[in-house]
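The values are calculated or read from the model by the stated rules, or taken from the named source; none is laboratory data. What you are looking at is a predicted structure, and each value in this text was computed from that prediction instead of being measured. Ideal geometry is used to build each Cβ from the backbone, glycine not excepted, and the neighbour counts take in all protein chains shown.
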Amino acid sequence: MIDIFINGIIPFSTVEYVLYTLAVTHITIVAITLYLHRGVCHSAITIHPILSHFFRFWLWLTTSMRTADWVAIHRKHHAKVETENDPHSPAVYGINKVLFQGADLYHKEKNNKETIEKYSQNCPNDWIEKKLYTGRNNLGILILFILNIIMFGTVGIIIWSIQMMWTPIFAAGGINGAGHYWGYRNYNTNDDSTNMSPIGIIIGGEELHNNHHAYPTAAKFSLRPWEFDIGWMYIKIFGFLKLCSVKRLAPKPIIQETENTDSKIITQSLLQSKLAVITDFTHKVLKPVYKKEKFKLSFKLLADHPNRLNQNEETIVNKYLSRNIKLNTIYNLKNKLHELLHSREVKHENFIEILNKWTEEAKSHGIDTIDDFLIRLKSYKVI
């Protein structure tokens, strides 16, 4: 008995211990990104009951997280992003707190009954959820602790500790913290989300967090040719095995050779492509002028919407814009176009009228890069 406690029943080498630990922690990450995130929370994929029950069991065994809690907190994050009601925004709590105390923020919000009731619709509520996963949610990690000792002895305690830390560090801290603080942005979303890396492996593709915030209900997070989402790879594998099916993907805006003439098609195409349109304007109209002027000002400040700037950043931007009429004109046009495309007050029947007014204003300045953009503006099509 003492020998089992010390050495366990599986005599792994050091390399095998490492590989086993990486494998089991990776399964946990896959369960989070496929089942909790893309499946239940955003309904981007449908998962076969067999695979779904495996993921639920594995998360109970390795994290003690309840589906309804995780889903509700994440949905609230999207609904209240970067505000005081966001459960884990670095803009509110500071990057260090979210990185190193992300699990504490999660548990704090988990005890908010209003959050769970409001945002946990369509979560599992069957017998096993009530009697085991909710009623005995900490039993799983206790069983895992015992199993690890039986298999690996004292080394099993180390492996168990790593499993317990993996999700708080990489998911709660990494995605919620670094994913709203460091990295690059493909889309000028109304939040601080970033893509931490173009290669999404360690946290299951969740590294591409800006892409996710741009299209929350899309099953695939990699949206550029050079990006890789391992979560999407697993979706394709499980799809081949008939264990998973895709419900939604991000729209793919393209520029047609001919201009749309139907106002309804123009409206629909631009509203569906709004992030791509703003990104197109930012990089093909605003950026060339910015580069030509060689300002000692971060382009990110110009690319972001003014609402996302703090008072000091806004002062700096206004200072530079006051020195360059052309750049100031393009910057203001970008913001007006952003407001039009994101406005919830503009009715579809009035959209084209307001768009034409913006177009006439843009034309009146006689800027070549704007003229080129206007030629493409009514040629967007979503495929």
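When the residues of region 301-318 are narrowed to those that are without any contact (Cβ under 8 Å) to a residue 40 or more places away in the chain and among the charged types (D, E, K, R), which ends up surrounded by the most Cβ atoms within 10 Å (Cβ to Cβ)? By that ranking, first place goes to Glu313. Filtered by the rule that a residue be surrounded by 18 or more Cβ atoms within 10 Å (Cβ to Cβ) and either at pLDDT 95 or above or hydrophobic (A, V, I, L, M, F, W, C) (or both), region 170-196 gives Phe170, Ala171, Ala172, Ile175, Ala178, Asn195, Met196.
What are the residues in region 310-359 that are touching a helix residue (DSSP H, G or I) at 6+ places or on another chain (Cβ under 9 Å), of a type in the set (A, V, I, L, M) and closer than 23 Å to Ser298 by Cβ, if any? Passing the criteria: Ile316, Val317, Leu321, Leu327, Ile330, Leu333, Leu337.
Does Ile149 satisfy being assigned to a helix (DSSP H, G or I) and over 27 Å from Ala68 (Cβ atoms)? Answer is yes for this residue.
Taking the conditions exactly as written (under 21 Å from the mean Cα position of the chain (by Cα), of a type in the set (Gly, Ala, Ser) and closer than 26 Å to Leu147 by Cα), does Ala31 satisfy them or not? It is true that Ala31 is under 21 Å from the mean Cα position of the chain (by Cα), of a type in the set (Gly, Ala, Ser) and closer than 26 Å to Leu147 by Cα.
For region 198-226, enumerate the residues that are among the aromatic types (Phe, Trp, Tyr) and either surrounded by fewer than 18 Cβ atoms within 10 Å (Cβ to Cβ) or under 19 Å from Trp182 (Cα atoms) (or both).
Of everything in region 198-226, those that are among the aromatic types (Phe, Trp, Tyr) and either surrounded by fewer than 18 Cβ atoms within 10 Å (Cβ to Cβ) or under 19 Å from Trp182 (Cα atoms) (or both) turn out to be Phe221, Trp226.
Within region 265-277, not a single residue is at pLDDT below 85, outside any helix (DSSP H, G or I) and either of a type in the set (D, E, K, R) or in contact with a Cys (Cβ under 8 Å, 6 or more places away or on another chain) (or both). One residue stands out in region 327-345 among those that are modelled with pLDDT of 85 or more and among the basic types (Lys, Arg): the one that is nearest to Gly366 (Cα to Cα), namely Lys334.
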